[in-house]
Amino acid sequence: MRVLVVEDEQRVASFVARSLREKAWAVDIAGTGAEALEAARRADYDLILLDLRLPDLDGLEVCRRLRQEGIETAILMLTARGMVEERVRGLDAGADDYLTKPFALAELHARIRALGRRGLGRGVVLRFADLTLDRRRRAVERGGQPVALTQKEFALLEFLLVRAPETVGRSEIVEHVWDAQFDSGSNLVEVYINRLRQKLDQGHAVKLLHTVRGVGYRLGLEP
Ligand code: CA
């Protein structure tokens, strides 16, 4: 899942970004409303975390413009405590949910998970054949046996599962699993696919992760 954090206070932005990256989410940061609009037009985010108080456009205006432009990405707005009116205006402007500052990271993560699920349209546990991925426990099992994955491998598998049995292209994978720092000339996607394939399929008669030559990758019971 890829998240855009819109926050002008650098300390808060990098603290939040770090905590999200630890959860295997790909994160970009925008420090102004204008930067946020630009980023959201450029990449297909799964969620935007939007602070209301920004130095140029305020969060409400950013929200309104995104919706006017037909960008339907889930928006979680950060507001000041006690500002009921602000929250109501945020929701009216098209935000999906809000969180008051200061917040506990655990609550932020839970709200993001819930909104991400809504956006990606699936439940807490994703399944395909004898493979399960539990988003809350961040646990993967195949045939009842735990499969240990790194954060990035987990994020990659989550995206493939959400889209299964469809084939997903390399550029789509990059867009949802990596952040803006990704070097498009690198072979990281191939490297991670290979590692994931080893961990999921090694020792199993039925292979689940397949390469569709010239198109991308997919989960399926047959090659
Ligand atoms: Ca701010």
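Fewest first, what order do 103, 154 take by the number of other Cβ atoms within 10 Å?
In increasing order of surrounding Cβ atoms, one gets 103, 154.
Which lysines have a Cα less than 23 Å from the Cα of residue 152, not counting those fewer than 8 places away in the same chain?
23, 199, 207
Considering only DSSP states other than H, G, I, E and B, which GluC sites (Glu not before Pro) in the stretch 1-93 qualify as loop sites with at most 16 other Cβ atoms within 10 Å? Let's see the in-between values first.
Details: sites: 7, 9, 22, 35, 38, 61, 69, 72, 85, 86; in loops: 7, 9, 69, 72.
Those that pass, being in a loop and sparsely packed, are 9, 69, 72.
Can you pull the three principal axis extents for the Cα set of the chain, in Å, largest first?
58, 34, 29
May I ask you to derive the relative contact order of the stretch 1-56, considering only C-alpha pairs under 8 Å and at least 6 residues apart, and to give it as an integer percent?
Contact order relative to length: 50 percent.
About the Cα centre of the chain, what is the dipole size in debye to 20, counting +1 per Lys and Arg Cβ and -1 per Asp and Glu Cβ, all else neutral? Walk me through the numbers on the way to the answer.
On the way: 35 positive and 34 negative charges, 184 e Å.
With only Lys, Arg, Asp and Glu charged at Cβ, the dipole is about 880 debye.
Among 41, 11, 21, 135, rank each residue by its count of other Cβ atoms within 10 Å, from fewest to most, as a rough exposure measure.
Working: 41 11, 11 8, 21 15, 135 21.
If I rank by nearby Cβ atoms, fewest first, I get 11, 41, 21, 135.
Sort 126, 54 so the one with the fewest other Cβ atoms within 10 Å of its own Cβ comes first.
Values: 126 20, 54 23.
Sorted ascending by nearby Cβ count, the order is 126, 54.
Values quoted throughout were computed directly from the atomic coordinates according to the rules given, and no laboratory measurement underlies them. Since we're looking at a predicted model, the values are computed, not measured. Positions of Cβ are backbone-derived with ideal geometry, glycine not excepted, and every protein chain shown enters the neighbour counts.
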